[in-house]
Amino acid sequence: MNNTNPSNPSLWTLVVKTSVAHTLTYFLMGILAFNLLDYANSYISGALACFMRPTDSPWVAAGPMLQPIRGLIFASVFYLLREPFFGKKNGWWVMGWTLVALGILSTFGPAPASVEGMIYTIVPTNIFSYVEVVPQAFLFSALLYYWVNHPEKKWLNWVLGILFGLVILMSILGVMAATGLLQVPAA
């Protein structure tokens with residue numbers, strides 16, 4: 001396999017870059033949504049309280065460090081679709097729309113804000129249901145598209161790698177704080 005052709009990245013390259021790009025955009029959009037959409041209160045009251053963990057759960061803190069698992073799953077599909085996603089001028093848009101269409105709007109299960117969720121659940125859907133996930137899908141797609149198509153930009157490997165390491169470290173510290181293994185001084 002020719003690893004110098006951006007539209008034909010190796011599976012390993014795609015797994016690493018997809019895992020990093022997804023984790024970073026997931027973390028960024030999650031932090032923004034957490035603060036702007038008041039997730040701490042939304043998750044402990046109303047319809048979301050029935051199936052969402054409270055935001056101080058160790059599992060929620062572990063979420064960012066577990067995202068490389070999803071990166072691996074995404075990469076396994078992106079590898080099969082690497083020509084339309086990475087070999088075309090607007091491949092990032094195609095990838096982003098694919099993620100929104102299949103992963104948000106048309107899930108097979110009744111996820112909130114999906115067509116199935118609107119039909120079969122009592123969870124209210126409004127525009128705020130999409131504020132976090134749709135931009136994250138396109139931001140993730142744009143970042144990954146750029147990174148894969150510009151392998152000569154070694155600085156990008158370093159910057160994204162360092163940011164990824166910091167997110168994983170913050171997630172580990174969050175789990176430690178949520179489980180009491182790390183004492184956080186009161187503000």
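Values quoted throughout were computed directly from the atomic coordinates according to the rules given, and no laboratory measurement underlies them. Please read these numbers as outputs of a predicted model, since none were measured by experiment. In this analysis, Cβ positions are derived from the backbone assuming ideal geometry, glycine residues included, and neighbour counts consider all displayed protein chains.
In this Cβ point-charge picture (+1 for Lys and Arg, -1 for Asp and Glu), the chain has a dipole of about 480 debye about its Cα centre. Give me the angle, in degrees from 0 to 90, between the Cα long axis of helix 58-80 and the longest principal axis of the Cα atoms of the chain, rounded to the nearest 10. Tilt of helix 58-80: around 30 degrees.
Residues 132, 116 in ascending order of nearby Cβ atoms (within 10 Å, fewest first): 116, 132.
For region 1-71, a/c is not less than 1.5, where a ≥ b ≥ c are the root eigenvalues of the C-alpha gyration tensor, and a/b tops b/c. That puts it in the prolate class. A simple spin-label model places the labels of residue 50 and residue 119 1.8 nm from each other, with each point 7 Å out along Cα-to-Cβ.
Rounded, prolate or oblate: which fits the chain, taking a ≥ b ≥ c as square roots of the Cα gyration tensor eigenvalues, rounded meaning a/c under 1.5, else prolate when a/b beats b/c? Intermediate results must be reported in sequence, preceding the final value.
On the way: a/c = 2.44, a/b = 1.31, b/c = 1.85.
In terms of gyration-tensor shape, oblate.
For region 80-166, the residue among 163, 107, 137 whose Cα projects farthest onto the positive side of the dipole built from Cβ charges is 163.
Please give the FRET efficiency for residue 150 paired with residue 184, using the beta carbon to beta carbon distance and R0 = 35 Å, rounded to the nearest 0.05. Plugging the Cβ-Cβ distance into 1/(1 + (r/R0)^6) gives 0.35. Seen against the Cα atoms of the chain and their longest principal axis, helix 11-36 is set at about 30 degrees.
Using the beta-carbon distance between residue 102 and residue 131 and R0 = 22 Å, what value does 1/(1 + (r/R0)^6) give for FRET efficiency, to the nearest 0.05?
Details: r = 19 Å, r/R0 = 0.88.
According to the calculation, E is roughly 0.70.
Between 13, 97, 76, the Cα set farthest toward the positive side of the dipole of region 1-155 (charges on each charged residue's Cβ, about the Cα centre) is that of 13.
Report, in whole Å, the centroid distance computed from the Cα atoms of region 119-161 and region 84-118. About 11 Å separates the Cα centre of region 119-161 from the one of region 84-118. Spin-label model, residue 40 to residue 158: label points 7 Å out along the Cα-to-beta-carbon direction sit 3.7 nm apart.
In order along region 179-187, the phi-based Karplus estimate (6.51 cos²θ - 1.76 cosθ + 1.60, θ = phi - 60°) of 3J(HN,Hα) comes to 9, x, 6, 10, 8, 9, x, 5, 7 Hz; Gly and Pro are listed as x. Taking a ≥ b ≥ c as the square roots of the eigenvalues of the Cα gyration tensor, region 105-163 is prolate, since a/c reaches 1.5 or more and a/b is larger than b/c.
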